[in-house]
Amino acid sequence: MKLVNETKINEFILLGLSENPQIQVILFQIFLLFYMLAVFGNFLLIVAVRIDNRLHHSMYFFLSNLSILDICYTSIIIPKMLVNIAVSSRTISFSGCLLQVYFYLFMGETECILLAFMAYDRYVAICKPLHYNVIMNSASCVGMIGVSWVTGCIISSVDIYFTYQLRFCGATTIDHFFCEAPSLIQLACSDISANNILTVVGSSILLIIPVCLILFSYFQIFLIIVKIGSGRYKAFSTCMSHLIVVIIFYGTATFMYMKPRSSSTEVTDKMVSVFYTVITPMLNPMIYSLRNKDVRRALRRVKRCITSTS
């Protein structure tokens, strides 16, 4: 049977985080600040890795790609939210909503896989140091990045295809500050069972499999660190930044996509969404730069370059 999109609406209404005008002004200032910090911090990290030759190896290659994802991820959502607050409008077009769903799923799913490859990189560096340059060569790193992006693109394309087949003919109000997939799907006036199944299957693939790889990598790293007589702290400190990012990202993603929809409130979902769409991209460059002396050294070099140019 041929599926036909019978959409009878042209736009959705995003309720946002608050209807109080005074609170909206405060939210605008806070989110603008967080967005600027996220973009500037991640861009600075990319530049630092690019200009410092000592950072031209796999760990920082992955880190640069993570920063690119974070910039794209937060830029998909926050600018539209800020514009809506600034012009006192809460609408988003139907096509704009679907594009927002697609790209935020694309970036989020790609990051899930990338974080797993970053854990594997740390496993090889600590558990197989003599073979590190052979295993994590340039071709391998580019291949892993390619797998992350292509897999994220394919899965998000399947998600958005099934979402596009839904009919939206009644409610147009999304109780959220952006077009989040589960909130959008609930507004459909056609059968959403296939979409719900796809969400569970996709979330299982993108959360359970990468988490298992991460747990395996860090379990092996832990066993090696316990056996090391000296240099234990240095070996462990190289993993802590990534482990903190993993806990924050996967913790919020698991809460949003692996729990029953009936077990949460819209307020809770919004707060968690704020965390992984705004706060996490802002914190990632801070976590890596504060705990990594090589990145701090590169950032000081960037600062000197900017100062001398000025």
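The values are calculated or read from the model by the stated rules, or taken from the named source; none is laboratory data. Only a predicted model underlies this, so the values are computations on that prediction, with no experimental measurement involved. Heads up, the Cβs are rebuilt from the backbone with ideal geometry, glycines too, and the neighbour counts pull from every protein chain shown.
Of all residues being over 25 Å from LEU283 (Cα atoms) and surrounded by 12 or more Cβ atoms within 10 Å (Cβ to Cβ) in segment 223-242, which is modelled with the highest pLDDT? Just the residue, please. Checked segment 223-242; the qualifying residue modelled with the highest pLDDT is ILE224. Does LYS293 meet the test of being more than 30 Å from LEU15 (Cβ to Cβ) and either surrounded by fewer than 19 Cβ atoms within 10 Å (Cβ to Cβ) or at pLDDT 75 or above (or both)? Judged against the criteria, LYS293 is a match. Considering only residues in segment 99-152 that are farther than 24 Å from VAL200 by Cα and of a type in the set (Ser, Thr, Tyr), the one that is surrounded by the most Cβ atoms within 10 Å (Cβ to Cβ) turns out to be TYR123.
What is the one condition in (1) out of contact with any Pro (no Cβ under 7 Å at 6 or more places or on another chain); (2) assigned to a helix (DSSP H, G or I); (3) at pLDDT below 90; (4) surrounded by 12 or more Cβ atoms within 10 Å (Cβ to Cβ) that LEU17 does not satisfy? Only one criterion is unmet by LEU17, namely (2).
Residues of segment 168-204 being among the hydrophobic types (A, V, I, L, M, F, W, C), outside any loop (DSSP other than H, G, I, E, B) and surrounded by 14 or more Cβ atoms within 10 Å (Cβ to Cβ), which ones? Matches in segment 168-204: ILE174, ALA181, LEU184, ILE185, LEU198.
Would you pick out the residues in segment 77-91 that are without any contact (Cβ under 8 Å) to a residue 40 or more places away in the chain and either of a type outside the set (Ser, Thr, Tyr) or part of a helix (DSSP H, G or I) (or both)? Correct list: VAL83, VAL87.
Checked against the criteria, ASN65 does not count as within 21 Å of PRO285 (Cβ to Cβ) and at pLDDT below 90. Residue pairs whose Cβ atoms lie under 7 Å apart, sitting 6 or more positions apart in sequence or on different chains, and linking a residue in segment 28-57 that is in contact (Cβ under 8 Å) with a residue 40 or more places away in the chain to a partner that is acidic (Asp, Glu) and crowded, with 16+ Cβ neighbours inside 10 Å, are ALA38/ASP70; ASN42/ASP70; ARG54/ASP294; LEU55/ASP294.
Checked against (1) at positive phi; (2) in contact with a helix residue (DSSP H, G or I) (Cβ under 7 Å, 6 or more places away or on another chain); (3) not basic (Lys, Arg), SER88 passes all but condition (2). For segment 191-208, indicate whether the set of residues that are under 30 Å from THR268 (Cα atoms), in contact with an Asp or Glu (Cβ under 8 Å, 6 or more places away or on another chain), charged (D, E, K, R) and at pLDDT below 90 is non-empty. Within segment 191-208, none of the residues are under 30 Å from THR268 (Cα atoms), in contact with an Asp or Glu (Cβ under 8 Å, 6 or more places away or on another chain), charged (D, E, K, R) and at pLDDT below 90.
Of the residues in segment 147-167, at least one is in contact (Cβ under 8 Å) with a residue 60 or more places away in the chain, over 22 Å from VAL245 (Cα atoms) and in contact with a helix residue (DSSP H, G or I) (Cβ under 6 Å, 6 or more places away or on another chain).
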